[in-house]
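Working notes, beginning with the structure itself.
The values are calculated or read from the model by the stated rules, or taken from the named source; none is laboratory data. All figures in this text were calculated on a predicted structure; none of them were measured in a lab. Cβ sites come from the backbone with ideal geometry, for glycine too, and all protein chains shown count toward neighbours.
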Amino acid sequence: MIKEYKTIREIASPLMIVEHVEGVTYDELGEIELPSGQKRRCKVLEVEGDRAVVQLFESAQGINLAESKVRFLGHPQQLAVSEDMLGRVFNGMGEPIDGGPAILADAHKDINGLPMNPAARAYPAEFIQTGVSTIDGLNTLVRGQKLPIFSGSGLPHAALAAQIARQAKVLGDNETFAVVFAAIGITFEESEYFINDFRRTGAIDRTVVFSNLANDPAVERIATPRVALTAAEYLAFEKGMQVLVIMTDITNYAEALREVSAAKKEVPGRRGYPGYLYTDLATLYERAGRRQGKKGSITMIPILTMPEDDKTHPIPDLTGYITEGQIILSRELHRKGIVPPVDVLPSLSRLKDKGIGVGKTREDHAGTMNQLFAAYSRGKDAKELMTILGEAALSEDDKLFAKFADEFERRYVSQGNTTNRSIIETLDLGWELLKILPRRELKRIKPEMIEKYLPKED
Amino acid sequence: MSGTITKVSGPLVVAEGLADANVSDVVRVGSQRLIGEILNMTGDSASIQVYEETSGLGPGAVVETTGMPMSVELGPGMLDNIYDGIQRPLPEMRALTGDCITRGTDVAPLNREKKWDFVPVAKPGDQVIPGDVLGTVQETSAILHKIMVPYGVEGEVLSVASGEHVVTDVIATVKDKKGKIHELPMFQRWPVRIARPYTRKYVPSRPMNSGQRIIDTLFPIAKGGTAAVPGPFGSGKTVVQHQLAKWSDVDIVIYIGCGERGNEMTDVLMEFPELKDPRNGEPLMKRTVLIANTSDMPVAAREASIYTGITIAEYFRDMGYDVAVLADSTSRWAEALREMSGRLEEMPGEEGYPAYLASRLAQFYERAGVVECLGADDRQGSVTAIGAVSPPGGDISEPVSQATMRIVKVFWALDSSLAYARHFPAINWLTSYSLYLDTLAPWYTKEFGEGYMKNRTKAMHILQEESELQEIVRLVGQDALSPADRLTMETAKSIREDFLQQNAFVDEDAYSSYLKQYKLMDLVLRFDSLCRDALQKGANMEKLFTIPARERVGRAKMADVKVFEKDYAEIEAQMKREIEEVIAGGEDA
């Protein structure tokens, strides 16, 4: 028997205090019925005695203290999941908004999920070919990895993410593939860009869209990634699909979290974000992965815009500590017209070492990767020196490195958003570029590899 | 003794009716019997931190106290295992509850059914004191587990069992002075927040061989010492920690994954059983205990995980073993403290961290050390504590880094600009330090002669000089330098690339013995002294720098363990010959 309370004492959006409650528990989902009959949802943040602090998921507009009724539903927020979700569009709370019928639930899942037992995880080790050289060759993505894109306002992260979603494949297999797309507080246009791209390539039938746009309630954004990941977990671990989750934009999510935290009058951490931002983000990102004995996997590409392009801002900083690497976009490269403008040096894939080499990509992958990184780094240093002192100040070797850096950006990085390079093409291009350098400088590559793969002078 | 909940706010629960409970008691909360610990008491109400997700708890639910502080079980079965922050074995939890961790799971830390072959050491009639060995169990192929008389028990041994037993079986009885008979099982309990006792503490004097060149040669750590590895994300903290866990010449490794990635723990779990200890050829997992509180697991248990780990380490130390504790990362532990402190509405100190942050950190690191263990046989054991620190934005002026730096003796500062250039391990040689150099220098000198420390001093000097010269080069270009300075730059480059850089993912390079490190440094510095000589004789500088032998120096670190000495001698001979040729060619040949 569910009780109804008309004892709302205080509303300070997004928080509300309900008194004289009984049997209410922490994290329980509640439903508010307005005098107009409209229903809104909320969850319990704290209960003390007979007083519950609840957080609204939608706006507080129209709720009044005297007439509105609150019901507590006895369970945390859940999502009805089923394979029929593929090809559908939902709002940020998981309700269909594409005019189609409601989902016939196969199961109801708690959107908070459960922590994965580290002893049950399978280590991500299968190479995913994205067709983008800077990722495949240098920051290899593997199945079950969480690899965010750190971008800035006005940078083409959407184009890169869409390119990855379009081209990503695991070499030599034909398993079922699905995309879960969570739009978190982004504009209609950006969201349409993705959806149109999925539509154009036919991927839309294998895609589940959760859409919380910029004009949707901010607090709903706290639920959106969780709802999306719950759907992803269902498809991956119960239906055996290879799921790619794209979440954009995490910055909006963190801001919604800050809003609620400020309303709760919590002691703020850095830049006003709550002290538990790390833990909170981790409960999202850690839901990516593979499990032993399960066919499916969740590979996650969260996108975040760094405020002022500042990598030390709490959102990118904490994200970087949780995720397995990052792809960083550079404004400087973008201005130079390099597409995609991936800033290779600070970008990183932590799981690359297990996904490359013999049987996965090619034996020379690890060595050439390190060599390209080191050479590009030295080349950039040389170019910096050149701008201060002029070309004459460089040693002969450094001149070659500077030339290498230019060629590397022009040919290797800048491949455009439509070129889909195979890993072999990427590796061969790397060798092509390394030819610019004196052979004795190729210290990171085993001599037998150089012998075998370095293109001969003709 | 039980009470009822009055308030639930995240992991913090307040319950009343617990007047008889003690601070730090473990309690069971709600119908699911979630595990919690009492933090504060006011009147008969207690503030409890719950180690599991509290979703679904509400006022009125029952809280029971166990009357015991947060403890771990110490006995055979810990090695080759992975635990969560409050010592629940994760593989067994998986067998019980599936791939995800559900709440209220109750699993004994030590397997109750597994039989161990107990070999008695003590005999009936022996007088024993705490710490004396009653008998041994071959726990894994690598480690002999000593079953010791627990703290507080002393007297005459009445009986000792032998043969196959489970951990709960009584394996000895001891009669104390008052005539009370203690029945001792194979395991003991110990409260995690209290350091285990020892007879005496010593100043560390032996180095811990990590096989990592920049650590062993430039910034060594002593067995029983403390070290911190701070660095921004992507600078390779975890790889450094993993390398230490793999190659350190200690008997036991306790690896605490505290608020870090789940996949990293999986990596250790999968990789360590495959890797062989370079000293005895046994799989590394046989000497390792893993404690995992990954970042998605409940935050309160994160705070406990560090203590669980160090207590287990102390227990192995008490057997006379050298133990290394690797905590990755202490920043997450501090954040867990901060979160609980915030929920308790304590007055925050710097950046919201509680005012007791520094003292808690100090208490943790102070549990490291070389000690003479309890017991009559004067055995020595050590605990070496190495903590990773994850400063926000890589800025070490923040409270956790600063508090850590005040305590630890070794500081391996990771640098993102090195990491971007793929110089790994990305330990910055200018900002790192080791305060153990003076105490360890005699050891190096005794083992390898004066040369080792001389080389080290010279290498550090060259690296220091390089950073000054680089300033000049940035302003006026390389041509402004004298040939001698150019040589310093070249040698420094060689030290960096040919010696300091070490690839953790290449078998030949992942581990370097002391001798190999010594010889390699010698080789690199040999080039410097030969060239300096040659320059004085008027040799052409560019030619000196491009002699073919240098390419071989660059690959020397990859030389096989068995043949490297011969290899290095050959390279040196070639170097000498080629430099002679350049000298003979004169200034412009």
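Considering the stretch A:345-395, and only residues there that are farther than 23 Å from A:SER151 by Cα, of a type in the set (Ser, Thr, Tyr) and free of Cβ contacts under 8 Å to residues at least 60 places away in the same chain, the residue that is surrounded by the most Cβ atoms within 10 Å (Cβ to Cβ) turns out to be A:SER395.
Residue count for the stretch A:297-344 under the criterion of being of a type in the set (A, V, I, L, M) and surrounded by fewer than 22 Cβ atoms within 10 Å (Cβ to Cβ): the result is 4.
On the basis of being away from chain B (no Cβ under 12 Å) and either touching a Ser or Thr at 6+ places or on another chain (Cβ under 9 Å) or on the phi < 0 side of the Ramachandran plot (or both), does A:GLU332 make the cut? It is true that A:GLU332 is away from chain B (no Cβ under 12 Å) and either touching a Ser or Thr at 6+ places or on another chain (Cβ under 9 Å) or on the phi < 0 side of the Ramachandran plot (or both). Considering B:LEU469, B:LEU463, B:LEU418, B:LEU437, the condition of being touching a Pro at 6+ places or on another chain (Cβ under 8 Å) and surrounded by 15 or more Cβ atoms within 10 Å (Cβ to Cβ) is satisfied by B:LEU437 alone.
Residue by residue, here is whether (1) farther than 30 Å from B:VAL133 by Cα; (2) touching a residue at least 60 places away in the same chain (Cβ under 8 Å); (3) in contact with a Pro (Cβ under 9 Å, 6 or more places away or on another chain) holds:
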site: B:GLY179; (1), (2), (3): no, no, no
site: B:HIS182; (1), (2), (3): no, no, yes
site: B:ARG193; (1), (2), (3): no, yes, yes
site: B:VAL203; (1), (2), (3): no, yes, no
site: B:PRO207; (1), (2), (3): no, yes, yes
site: B:ILE214; (1), (2), (3): yes, yes, yes
site: B:GLY231; (1), (2), (3): yes, yes, yes
site: B:HIS242; (1), (2), (3): yes, yes, no
site: B:ALA245; (1), (2), (3): no, yes, no
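Residues in the stretch B:388-412 that are closer than 24 Å to B:ARG367 by Cβ and assigned to a loop (DSSP other than H, G, I, E, B) were compared, and the one that is nearest to the other protein chains (Cβ to nearest Cβ) is B:SER390. Could you list, in sequence order, the residues of the stretch B:185-212 that are within 29 Å of B:TRP116 (Cα to Cα) and out of contact with any strand residue (DSSP E or B) (no Cβ under 9 Å at 6 or more places or on another chain)? If the condition is that a residue be within 29 Å of B:TRP116 (Cα to Cα) and out of contact with any strand residue (DSSP E or B) (no Cβ under 9 Å at 6 or more places or on another chain), then B:ALA195, B:PRO197 are the ones that fit. When B:ASP377 is tested against (1) within 14 Å of chain A (Cβ to nearest Cβ); (2) outside any helix (DSSP H, G or I), only condition (1) is not met.
For the stretch B:316-335, filtered to residues that are of a type in the set (Phe, Trp, Tyr) and surrounded by 24 or more Cβ atoms within 10 Å (Cβ to Cβ), the residue that is nearest to B:LYS201 (Cα to Cα) is B:PHE316. Kindly indicate whether B:GLY236 is surrounded by fewer than 23 Cβ atoms within 10 Å (Cβ to Cβ), more than 8 Å from chain A (Cβ to nearest Cβ) and either more than 20 Å from B:GLY320 (Cα to Cα) or more than 13 Å from the chain's Cα centre (by Cα) (or both). Answer is no for this residue. When the stretch A:300-325 is limited to residues that are of a type outside the set (Asp, Glu) and part of a loop (DSSP other than H, G, I, E, B), the one that is nearest to the other protein chains (Cβ to nearest Cβ) turns out to be A:THR312. Scanning the stretch A:93-125 for residues that are part of a loop (DSSP other than H, G, I, E, B) and within 14 Å of chain B (Cβ to nearest Cβ) yields A:ILE111, A:ASN112, A:GLY113, A:LEU114, A:PRO115, A:ASN117, A:TYR123, A:PRO124, A:ALA125.
Considering the stretch A:39-92, and only residues there that are in a loop (DSSP other than H, G, I, E, B), within 14 Å of chain B (Cβ to nearest Cβ) and in contact (Cβ under 8 Å) with a residue 40 or more places away in the chain, the residue that is nearest to A:ALA218 (Cα to Cα) turns out to be A:GLN77. Within this structure, A:ILE128 passes the test of being within 26 Å of A:GLY87 (Cβ to Cβ), assigned to a strand (DSSP E or B) and touching a residue at least 60 places away in the same chain (Cβ under 8 Å). Restricting attention to the stretch B:249-260 and to residues that are at pLDDT 90 or above and within 19 Å of B:ILE306 (Cβ to Cβ), the residue that is nearest to the other protein chains (Cβ to nearest Cβ) turns out to be B:GLY257. Pairs linking a residue in the stretch A:410-439 that is on the phi > 0 side of the Ramachandran plot to a residue that is surrounded by 14 or more Cβ atoms within 10 Å (Cβ to Cβ), with Cβ atoms under 9 Å and 6 or more positions apart or on different chains, are A:GLY416/A:VAL339; A:GLY416/A:PRO340. Counting only residues that are in a strand (DSSP E or B) and either farther than 27 Å from B:ASP251 by Cα or free of Cβ contacts under 8 Å to residues at least 60 places away in the same chain (or both), the stretch B:46-93 holds 14 of them. Considering the stretch A:269-286, the residues that are out of contact with any His (no Cβ under 8 Å at 6 or more places or on another chain) and more than 7 Å from chain B (Cβ to nearest Cβ) include one that is farthest from A:LEU229 (Cα to Cα), namely A:GLY272. A count restricted to the stretch A:253-282 and to residues that are buried (at least 22 other Cβ atoms within 10 Å of the Cβ) and of a type in the set (S, T, N, Q) stands at 1. Pairing each residue of the stretch B:292-309 that is at the interface with another protein chain (Cβ under 8 Å from one of its Cβ atoms) and more than 13 Å from A:THR283 (Cβ to Cβ) with any residue that is at pLDDT below 90 and not in a helix (DSSP H, G or I), provided the two are 6+ apart or on different chains, yields C-beta distances under 9 Å for B:ALA292/B:GLU260.
Residues that are within 14 Å of chain A (Cβ to nearest Cβ) and small (Gly, Ala, Ser) within the stretch B:38-80 comprise B:SER45, B:SER47, B:SER55, B:GLY56, B:GLY58, B:GLY60, B:ALA61, listed in sequence order.
Across the stretch A:11-38, the qualifying residues are those that are over 21 Å from B:VAL14 (Cα atoms) and within 14 Å of another protein chain (Cβ to nearest Cβ), and the one among them that is surrounded by the most Cβ atoms within 10 Å (Cβ to Cβ) is A:GLY30.
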